[in-house]
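A short write-up of the structure that comes next.
The values are calculated or read from the model by the stated rules, or taken from the named source; none is laboratory data. These numbers were taken from a predicted model, which means no experiment stands behind them. All accessible areas refer to the heavy atoms of the entire protein, side chains included, with ligands and DNA or RNA removed. Shrake-Rupley method; radii C 1.70, N 1.55, O 1.52, S 1.80 Å.
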Amino acid sequence: MHESKREKSENRKALPKFALTMLGSLLGGGAIGFVLGVSRGLGLDTAALTEGLNAALEAATPWGIPVTSAITLGSCFLLYRSAAKKFAAWGGGDEDETSESIDITLSRVLLLTAVQLLINLFFLAAYCVYWLDKGIDALPAVGVFLLSCGLVIFAQQKVVDLERRMNPEKHGSVYDAKFQKKWLDSCDESERRQIGQACYRAYTVTGRFCLGLWLVLVILSMVFEMSVLPAFILLLVWGVMQVTYTLECIRLGRQGESARRGPAL
């Protein structure tokens, strides 16, 4: 009885905030719809706007990978050199602030490399859309793409090598297909707990982002001529994330239950 009352109390506390959120979303959507209706009434030329955006992206596509690679990978080099100098001066002592500063710097390097990899994939896809049908040889674009990706992987491996020098118990190579599993196996309980918290944070943020992006796509479909394919792909990715998360929770729950019961006799 006490648990039932507590659940009802929590529901009553959460319901007003939920209702206000839904009301705000409805009002926001109505305002956006009104603005779109007015813009159409004023003669907004969406076709010309789309054509201009496509022209700008087409012009930027051949330079996208080399320019962004020079910026991000150059920043990675500077950050890594700073971390390496700190490590050389540190010498593996007990200064937690120094080791934490090195870890943060290396994490920023990994962040930049991850962003650059996504940029590479985007501009390669854009090149296929805008330039291949013009009969232009794709070999230079593919070569620049592979070079940038190779430098990204090299930068990531340098980070891993420095982390292994700081923590000799860690093992794994970025060039190994099972690197993530091996690296996770070499982490202690505190690091695994931190990874789990970060993954859950990424899961919740991605879920909210997917919902917001779906709303944006719905609004854009009212202005531009769009197929249902972008929304379908978004919901497919969102669904894979949700299903994978739930199935993994079920699997881990079963493993925990088996461990509590002990080995079968």
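Rounded to the nearest whole Hz, the Karplus-based 3J(HN,Hα) values (6.51 cos²θ - 1.76 cosθ + 1.60, θ = phi - 60°) of the stretch 157-172 follow the sequence 5, 4, 5, 4, 4, 5, 5, 6, 5, 6, 10, x, 6, 7, 8, x, with x at glycine and proline.
Computed over the stretch 151-192, the range of Cα coordinates on each principal axis works out to 32, 22, 13 Å, biggest value leading. Probing with 1.4 Å while keeping every protein chain in the model, the per residue accessible area of the stretch 52-111 equals 60 Å².
Working note: Karplus 6.51/-1.76/1.60 with θ = phi - 60° gives the stretch 179-195 the couplings 4, 4, 5, 5, 5, 5, 5, 8, 7, 7, 5, 5, 5, 5, 5, 5, 4 Hz, where Gly and Pro are set to x. Averaged per residue, the stretch 181-239 has 74 square angstrom of accessible surface, using a 1.4 angstrom probe with ligands and nucleic acids left out.
Surface composition of the stretch 125-170: carbon plus sulfur atoms hold 70% of the accessible area, using a 1.4 angstrom probe and ignoring ligands, DNA and RNA. Structural size metrics of the stretch 94-238, computed from C-alpha coordinates, are Rg and Dmax of 20.0, 61 Å. Per residue, the stretch 135-177 exposes 56 Å² of solvent-accessible protein surface, assessed with a 1.4 angstrom probe and all protein chains in place. Phi angles across the stretch 52-59 convert, under the Karplus curve 6.51 cos²θ - 1.76 cosθ + 1.60 with θ = phi - 60°, into 3J(HN,Hα) values of x, 5, 5, 5, 5, 5, 4, 5 Hz, Gly and Pro given as x.
Across the stretch 177-234, counting alpha-carbon atoms alone, Rg and Dmax equal 18.1, 52 Å.
A 22 angstrom limit on the alpha carbon distance is what I want to check against. Which of K85/K182; K158/K178; K158/K181; K158/K182; K85/K158; K86/K158 exceed it?
K85/K182
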